[in-house]
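Written out below as structure tokens is the structure these notes cover.
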């Protein structure tokens with residue numbers, strides 16, 4: 001039996017995620033933006049939290065850890081950098097490590113840029129990537145602690161995953177991301193199709209995730225910095241992709 005994944009809102013625009021192994025009853029929360037919605041989701045499903053898999057140290061991803069740890073005595077898995085303020089971490093992991101949730105296995109991918117400690121969790125057998133604030137649906141995270149070349153390399157790691165990989169990102173930013181991306185690629189047919197889908201989903205108050213790596217390669221301008229037409233659209237024809245990416249990210253910062 002395959003994993004069960006639940007998606008629900010937390011805070012103002014965070015996603016909460018639970019991944020559950022029916023065979024062993026193990027359940028992990030990916031990050032812990034706030035405890036209340038996670039507890040509600042667990043109780044609704046009749047699941048018990050066994051693990052929290054932390055992607056990075058920002059408060060809107062770790063704020064609920066202490067309360068959940070008290071209630072469930074769950075294991076907290078966090079990025080390897082022990083200098084980051086992640087509360088109650090039991091285990092630290094880095095690139096190439098494997099984290100087990102019951103019989104489910106998550107491969108750790110280091111994806112620095114948004115923060116230096118940022119990691120993503122790839123459940124290969126489930127075709128499920130939890131990438132928090134590195135890659136968004138039609139977007140990417142702000143580069144707070146790293147550099148643009150560093151963030152671009154992290155995005156390339158994720159772009160190289162199989163097209164059928166489902167992306168579970170950290171925030172519901174898709175509508176604003178689509179609007180921005182259309183300003184750079186107004187004639188991208190995949191992006192225009194996605195824009196229509198997102199409008200319908202948000203009108204119905206439904207989440208815009210998961211999305212697929214294969215689709216993001218076609219419609220996410222941040223993953224397309226090495227496409228000549230995108231470079232030309234931002235006035236950087238022939239320039240290195242990391243420079244093009246940096247220009248796109250700067251424009252989004254100021255949009």
Sort out which residues of region 214-232 are crowded, with 19+ Cβ neighbours inside 10 Å and either more than 21 Å from the chain's Cα centre (by Cα) or part of a helix (DSSP H, G or I) (or both), and write them in order of number. 216, 219, 221, 222, 223, 230, 231
Within region 70-88, restricting attention to residues that are over 16 Å from residue 33 (Cβ atoms) and surrounded by 22 or more Cβ atoms within 10 Å (Cβ to Cβ), which residue is farthest from the chain's Cα centre (by Cα)? 77
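Per-residue answers, yes or no, for (1) touching a strand residue (DSSP E or B) at 6+ places or on another chain (Cβ under 7 Å); (2) touching a residue at least 40 places away in the same chain (Cβ under 8 Å); (3) closer than 17 Å to residue 226 by Cα; (4) surrounded by 15 or more Cβ atoms within 10 Å (Cβ to Cβ):
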residue	(1), (2), (3), (4)
152	no, yes, yes, yes
156	no, no, yes, yes
167	yes, yes, no, yes
187	no, no, no, no
200	no, no, no, no
212	yes, yes, no, yes
Going through (1) touching a residue at least 24 places away in the same chain (Cβ under 8 Å); (2) on the phi > 0 side of the Ramachandran plot one by one, residue 73 fails only at (1)
Every listed condition ((1) in contact with a helix residue (DSSP H, G or I) (Cβ under 9 Å, 6 or more places away or on another chain); (2) closer than 28 Å to residue 202 by Cα; (3) free of Cβ contacts under 8 Å to residues at least 60 places away in the same chain) holds for residue 3 save (3)
One residue is enough: does region 54-69 have a residue meeting the conditions in contact with a helix residue (DSSP H, G or I) (Cβ under 6 Å, 6 or more places away or on another chain), surrounded by 18 or more Cβ atoms within 10 Å (Cβ to Cβ) and not in a loop (DSSP other than H, G, I, E, B)? yes
Which of the residues belonging to region 122-164 are under 12 Å from the mean Cα position of the chain (by Cα) and part of a loop (DSSP other than H, G, I, E, B)? 133, 134, 137, 138, 141
Unique residue being without any contact (Cβ under 8 Å) to a residue 24 or more places away in the chain, assigned to a strand (DSSP E or B), within 25 Å of residue 21 (Cβ to Cβ) and in contact with a strand residue (DSSP E or B) (Cβ under 9 Å, 6 or more places away or on another chain) when the list is 99, 108: 108
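Each value in this text was obtained by applying a stated rule to the coordinates, not by laboratory testing. Computed from a prediction, not measured in an experiment: that's the story for all the values here. All Cβ positions, glycine included, derive from the backbone under ideal geometry; neighbour counts span all protein chains shown.
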